[in-house]
Every structure is written in structure tokens, then in C-alpha cells.
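Inspection log for the structure reproduced underneath, given as C-alpha cells.
Derivation of every value follows stated rules applied to the coordinates shown; laboratory data play no part. Just so you know, these numbers come straight off a predicted model, no measurement behind them. Note that we place each Cβ from the backbone using ideal geometry, even for glycine, and neighbour counts take in every protein chain shown.
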Amino acid sequence: MTAAELVVDGLGMKFEGLTALAEITLRVPPGEIHGLIGPNGAGKTTLFNCLTGFYRPTSGAIYLTGQRIDGLPPHVITGLGIARTFQNIRLFANMTVLENVLVGQHQHIAVGGTDILSTRRPVYPTPVERILILRGFPRAAVNGIIEIAGAIARPPRVRTAEAAAVARARDLLAAVGLRGRENDLARNLPYGDQRRLEIARALATRPSLLLLDEPTAGMNPQEAAAMVALIRRIRDEFETTIILIEHQMRVVMGVCENITVLDYGRKIAEGPPAAIQRNPTVIEAYLGTRAIQGGGHAAP
Amino acid sequence: MPVALTLSVSFWSDQFVNGLTTGSLYALIALGYTMVYGVLKMINFAHGEVFMLGSFAGYGALVAMGGNDLSGPAVALAILGAIIVAMSASVSASVVIERLAYRPLRGAPRLAPLISAIGVSIFLQYLVLEQTSARAKFYPDIFPRGALGAGPFEITYIQLFLIASSVAMMALLYAIIQRTRLGRAIRAVAENPTNASLMGVDVNRTIVFVFILGAAMAGVAGVLYGLFFQTIRGSMGFIPGIKAFTAAVLGGIGSIPGAMAGGYVLGLAETVGRELLNELPGVNLGNQWRDVIAFTLLVTILIFRPTGIFAQRSTTRA
């Protein structure tokens with residue numbers, strides 16, 4: 001996957017009169033590591049929710065490498081290349097580590113037949129499919145029949161696809177440092193490993209834009225440093241653009257090339273870390289906390 | 001139990017086989033309840049009627065293929081054909097029910113789809129009763145008679161076929177759930193639909209698959225029921241449906257292995273359990289008591305162990 005460009009144009013999000021985001025305009029060039037900071041309630045996570053299609057923005061537009069994506073359902077947006085992790089980890093707790101990553105690959109496991117969801121996947125009609133479609137069966141029904149038939153009969157093609165997915169899942173787990181934990185239940189992993197698994201699972205969707213929501217939350221400085229190294233490595237090895245929400249200023253200032261600052265749902269500043277640290281509006285917004293100058297945490 | 005069993009070994013083994021037979025049917029039907037509950041947190045009370053429709057479709061297929069005139073190897077083919085027709089009918093009905101009666105209510109208060117399900121259940125039941133003038137139909141009596149036996153243990157061919165095909169269907173379903181992309185998607189949606197959609201899983205489509213798989217099991221159960229009990233009628237879905245729901249609750253609703261185990265526990269409780277109670281002095285429970293036993297079990301479980309008798313750590317839930 002090649003890294004994507006994200007353009008957000010005049011984005012607004014209102015919840016029954018409450019303005020969560022207003023007039024957000026943002027451009028993140030391909031391959032950038034971009035920071036999203038701001039006091040609690042500034043709208044950072046709301047912006048992520050708009051980008052992934054979980055919320056439908058009330059105004060404005062979002063473009064991923066030129067394609068407009070706002071208003072599309074989440075699974076389609078995932079197929080187009082946006083993946084995210086969560087501030088409060090949301091793994092499939094009762095599935096194994098390996099299975100979590102396999103779910104991430106959902107759209108990339110050819111079960112026989114084309115997947116109606118994926119707009120990126122090439123179309124491989126099987127002979128059976130071709131006949132059914134020619135006979136006028138609706139595409140969704142044909143896909144359904146093929147998927148169930150594939151799950152029951154497990155023809156070589158399905159088995160090959162599964163094996164490839166498992167191999168790739170193992171690679172991803174190795175890349176985030178979880179080799180050997182494949183068959184553990186996700187909920188039995190220690191906290192830091194759960195965060196890493198979330199990243200592996202997000203990478204499994206083959207993102208061109210990766211959204212990380214507080215990837216170092218609850219980590220000590222050593223763990224946070226390891227996470228920063230991992231984030232850089234992901235950008236280089238997996239060729240993704242990365243946007244991260246982060247409260248640990250040392251992390252943000254260290255890893256981000258550009259930073260957007262939100263306050264009360266508006267963008268109040270944008271620029272490279274050094275400029276942001278000196279920006280009077282930003283300091284004003286954070287006043288009362290020792291966030292910007294020091295290395296500590298921002299808003300509580 | 002410190003009571004000496006007065007009846008013969010062959011009596012108990014018969015009860016055991018009978019328990020396994022009805023238990024197989026309960027388990028097959030219970031899977032539909034438990035899987036739908038797993039993804040939608042909703043009790044699909046129309047599932048008993050999906051089973052009934054499968055049974056009627058299988059009956060229609062058998063009659064169309066020659067009914068009582070079938071003999072020899074044609075019987076096997078006809079039964080296979082009837083099972084396929086029944087599965088198709090149940091699946092089609094279930095997909096339509098989901099689309100028309102449940103999907104529009106997604107996100108509504110939990111009571112709304114439940115009431116809708118009860119409405120669908122009554123609608124289908126009376127539709128078939130009306131079409132059949134409320135008369136029973138009788139499955140062609142084509143299944144080979146006879147039994148396999150060793151010592152006091154005896155099992156009729158039809159019971160063997162019923163139990164074996166149920167177990168095979170359940171094994172197939174379990175393999176799909178545990179080992180395929182489809183199964184993982186179902187488990188992911190059951191755990192967290194939002195999260196699953198962010199992994200690229202189409203939640204609506206996955207829910208349809210859940211209805212399809214559950215209905216397929218019910219369709220098979222419909223034919224097996226018809227072959228075994230022979231009498232089918234428009235109202236036949238109600239009691240097995242409620243029993244299967246009980247089985248799903250016994251095993252911990254939402255859990256697939258739980259539903260299978262719950263079906264057999266319930267089947268055995270109604271037969272072996274009842275006869276064990278009869279061993280107590282002064283107790284004499286007739287066959288009609290089986291429903292009392294089943295629903296006493298349901299109420300007891302709901303009061304004391306609402307997560308099911310196996311108290312699943314939720315690992316195997318799907």
C-alpha cells in the first residue's frame with residue numbers, strides 16, 4: 001500500500017445543537033506522521049470517528065487520496081485504506097491474538113468469489129459465479145452462496161488464501177513484537193502487548209492512513225519510547241500516513257513532523273513541533289497545565 | 001441417588017437413546033436462537049416457525065418425489081433431496097424475515113424486535129394452519145425399519161440417522177465458526193459490531209449469514225423431525241422452538257457449544273431425568289410431564305444461573 005494523502009475540508013460535526021467540530025480544514029501529505037493534540041474534549045476523537053465513518057459529518061468533506069469518503073459506511077472506508085486504534089483498547093477479547101489479526105484481514109482473504117464490500121480488491125469471478133450472475137442472480141446473493149460454499153467445501157483456493165493470511169498475520173505479529181503469543185487469548189495479554197496487537201490488527205487491514213488514538217496511554221517512558229520507534233518503523237516499512245492523538249508531549253514533539261491543535265472543536269494552530277511549542281494561542285489553550293514546555297502530560 | 005434402580009438396563013438405555021434423539025433436535029434448533037442472540041442480543045421467536053416451514057418443505061419434496069412409493073436407494077436420495085429443499089426453504093424464509101421484520105428495527109428498543117418476532121411467529125403459524133386447513137400431514141413412511149443392537153443396548157435406524165446427521169451438521173457449523181473467515185466475522189460481530197466494521201467486516205451482511213446458518217440447521221431438524229415423528233402440522237414449531245430456546249438458555253445463550261450441550265441436557269432430562277424421578281417412592285410422572293420438567297429447568301436456570309449451567313467463561317461464545 002502506498003501512503004495516502006488526507007484532505008479534510010471545512011468539516012463540521014454537530015450533536016443535537018452541540019458543536020463538536022467546526023470548520024476543520026486539514027491536509028496531511030502522504031507519509032507524514034501528523035500529531036493531533038488539544039485539551040480533553042477538543043474534538044480529537046470525534047475527528048477520528050468522522051474519518052473512519054463511525055460518524056457522518058454534518059458539514060464539509062473528507063478526501064482520501066482524492067476520493068471523497070465522508071458518508072461511506074465504516075467497512076467500506078476500511079477497505080479504502082483507513083485503520084485506527086483506540087484510546088481504550090478494543091480488541092476482540094475472546095479471540096486469539098492470531099484471530100484478531102485475521103479479522104483485520106477480512107477483506108483480503110479471497111474466499112472464492114468477489115467481495116462486494118471491497119472496492120479495492122480485484123474481481124476474480126469463478127466459473128460458478130459467472131454462471132450464476134449470467135442467470136441473473138443478484139450479486140450479493142451470489143457472493144453469499146460462494147462464501148458459504150467456500151466455508152463448507154474449503155477448496156484449495158480458499159485454503160491457500162487462509163494459509164497466506166495466517167502467514168501474513170504471523171509476520172505482522174512479529175513486526176510489532178508479539179511473536180509466540182499467537183494462540184493466547186487477546187484478553188490475557190499484558191496491557192502494552194494489547195496495544196501492540198491493536199496496531200498489528202489495524203495494519204492487517206492494509207491501511208494507507210493509520211489513525212492512532214493515544215498509542216502510549218498508560219505507558220512508562222521506556223515503553224513509550226519503544227512505541228515511538230515502532231510508529232516510525234511502521235511509517236517506513238508499511239508506507240502509511242499516520243495521524244496520532246497523543247497527550248504525552250515528549251512523544252508528540254519527538255515523532256510528529258506536523259501538529260494540528262484543536263480546542264473546543266476548532267483548529268487553533270498547525271505547524272511543526274517547534275512552532276507549536278512557541279505558539280501563544282496554543283499556550284493559552286493549555287494554560288494552567290504544564291504541558292507544552294515540560295515533558296509531562298497535558299490536560300488531565 | 002441412594003435408590004436402587006428397579007428397571008432393566010435395556011429400559012435405561014432406551015431412555016438414553018430417546019433423550020439423545022430429542023436432544024439432537026433441540027440442539028440443532030437451539031443453534032439458531034443462540035447465534036442470532038450472539039450477534040443481535042435478540043430472541044428470534046420466529047425460529048420455531050422456520051423449523052416448521054423446513055419440515056413442510058421437506059414433506060412437499062418427499063411427496064413430489066414419490067412419497068410412500070419410494071424404495072431402495074431412491075429413499076436415500078429422496079431424503080437428501082428433502083433435506084436440501086427444507087434447508088433452502090428455511091433459509092429463504094429466515095432471510096426475508098430478517099430483512100422485513102428485524103432489520104428495520106435495528107437500533108430500536110430491545111422489546112421492539114422481540115415483539116416483531118412474536119408477530120412473525122404467529123403469522124407463519126397461522127398461515128400454514130390456514131393453508132393446511134389445520135390438518136396434520138404425515139411424512140411418507142419410507143425410512144427403513146429395524147434397529148442395531150448389542151446386548152441391552154438398542155437403537156433404531158431412524159434414531160441413529162437422526163443423531164448422526166445432527167452431530168454431523170453441528171460439527172460442520174462449528175468448523176465454519178471456528179475456522180473460516182465467515183466464522184471469524186460472525187464471532188467478531190458478536191463481540192463488538194462497531195469494532196468489526198472498522199476491521200472491514202460488513203456487519204449487515206454478516207448478520208444475514210447468521211440467520212442463514214441458523215435456518216439451515218432448523219431446516220435439517222424439520223426433516224429429521226418429520227421422518228422420526230411422522231406427524232407434522234402448522235403449530236408444530238411452537239413447543240420444539242420453546243424447548244430449543246430453553247436448551248440455548250441452559251447452555252448459556254450466545255454460546256454455540258452451550259446450545260449443543262444444552263439440547264442434549266434437555267433431551268436427557270426429559271427422558272432419563274423423568275424416569276429417574278419416577279424411581280423415587282411415590283412419584284409417577286407420565287410422558288406429559290416432560291414439558292413440565294423442561295420449563296421447570298428453564299425457570300430454575302433463569303433464576304439461579306442465568307448465564308447457563310456450564311457457566312461458560314465467555315471464551316467460546318460466538
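For B:SER8, B:SER92, B:SER165, B:SER55, what's the fewest-to-most ordering of other Cβ within 10 Å of each Cβ?
On the way: B:SER8 10, B:SER92 16, B:SER165 19, B:SER55 32.
Fewest-to-most ranking of B:SER8, B:SER92, B:SER165, B:SER55: B:SER8, B:SER92, B:SER165, B:SER55.
The value of relative contact order for chain A, using C-alpha pairs under 8 Å at least six residues apart, is 28 percent. Note on B:122-133: average number of Cβ atoms from other chains within 10 Å of each residue's Cβ is 0.
Starting from segment A:246-283, pick out the GluC sites (Glu not before Pro) whose DSSP state is loop and whose Cβ has at most 15 other Cβ atoms within 10 Å.
Passing sites in segment A:246-283 are A:GLU257.
A crude spin-label estimate for the pair B:LEU7 and A:GLU237, with each label 7 Å from Cα along the Cβ direction, gives 6.6 nm. Have a look at A:VAL158, A:VAL103, A:VAL28 and tell me which one the Gaussian network model of chain A (Cα, springs below 10 Å) gives the largest fluctuation. Among A:VAL158, A:VAL103, A:VAL28, the largest GNM mean-square fluctuation belongs to A:VAL158. For the options A:ALA204, A:ALA165, A:ALA226, a Gaussian network treatment of chain A with springs between C-alpha atoms closer than 10 Å singles out A:ALA226 as fluctuating the most. Maximal additional length on extending the B:PHE153-B:ASP291 stretch stands at 47.1 nm, based on 0.36 nm per residue less the C-alpha distance. Computed over neighbours whose Cβ is under 10 Å from that of A:GLY31, the net charge equals -4, Lys and Arg +1, Asp and Glu -1. Every helix of 4 or more DSSP H residues in chain A counts as -39500 (n - 2.57), and over all residues that averages to -11500 deg cm²/dmol at 222 nm. Per-residue extension of 0.36 nm, minus the Cα-Cα distance of A:THR2 and A:ARG157, leaves a gain of 53.1 nm for this segment. Across chain B, the volume of the C-alpha convex hull divided among the residues equals 148 Å³ per residue. Of all the options B:ALA134, B:ALA78, B:ALA117, the one that moves most in a Gaussian network model of chain B with Cα springs shorter than 10 angstrom is B:ALA134.
Eigenvalues of the alpha-carbon gyration tensor of the protein assembly as shown, scaled by 5 and square-rooted, set the equivalent ellipsoid semi-axes at 54, 26, 22 angstrom, largest first. With both residues required to sit in chain A, DSSP beta bridges show an antiparallel share near 55%.
Can you give the mean number of other chain Cβ atoms that lie within 10 Å of the Cβ atoms in peptide B:169-182?
Mean partner shielding for this stretch: 4.
At an R0 of 56 angstrom, the distance between the Cβ atoms of B:GLU130 and A:GLN87 translates into a FRET efficiency of 0.50.
Chain A gives an Rg/Rh value of 1.01, both radii derived from C-alpha positions and Rh following Kirkwood. Think of each Lys and Arg Cβ as +1 and each Asp and Glu Cβ as -1; about the Cα centre, that makes the dipole of chain A roughly 620 debye. Take every Cα pair under 8 Å whose residues are at least 6 apart in sequence, average their separation, divide by the length of chain B, and the relative contact order is 35 percent. Its DSSP H runs of at least 4 residues, each contributing -39,500 (n - 2.57), put the calculated 222 nm mean residue ellipticity of chain B at -22500 deg cm²/dmol, to the nearest 500.
Once R0 is set to 35 Å, what does the formula 1/(1 + (r/R0)^6) return for the Cβ-Cβ distance between B:SER235 and A:THR58, expressed as a FRET efficiency to the nearest 0.05? Calculated value: 0.10.
Sorted ascending by nearby beta carbons within 10 Å, beginning with the fewest, A:HIS106, A:HIS75, B:HIS47 become A:HIS75, A:HIS106, B:HIS47.
Applying the criteria of a DSSP loop state and at most 15 other Cβ atoms within 10 Å to the trypsin sites (Lys or Arg not before Pro) of segment B:234-318 yields B:ARG313. Take each residue in A:142-151, count the other chain C-beta atoms within 10 Å of its C-beta, and the mean is 4. Ranked for footprinting exposure by Cβ neighbours inside 10 Å, fewest first, A:THR260, A:THR281 give A:THR281, A:THR260. Charge dipole (Cα centre; +1 on Lys/Arg Cβ, -1 on Asp/Glu Cβ; no other charges) of the protein assembly as shown amounts to roughly 480 debye. Put a dot 7 Å past the Cα of A:LEU18, heading toward its Cβ, do the same for B:ALA74, and the two dots end up 7.2 nm apart.
Grab every C-alpha pair in segment A:156-234, bin the distances at 10 angstrom width from 0 up to the longest one, and report whole percents. Here the calculated profile for segment A:156-234 is 16, 48, 28, 6, 1. Shape descriptor for segment B:68-196: Rg over Rh equals 1.07 (Cα atoms; Rh from the Kirkwood inverse mean 1/r). Projecting the Cα atoms of B:ILE177, B:VAL167, B:VAL75 onto the charge dipole of the protein assembly as shown, computed from C-beta unit charges around the Cα centre, puts B:ILE177 farthest toward the positive end. For A:ARG195, the shell of other residues with beta-carbons less than 10 Å away shows a net charge of -3, using +1 for Lys and Arg and -1 for Asp and Glu.
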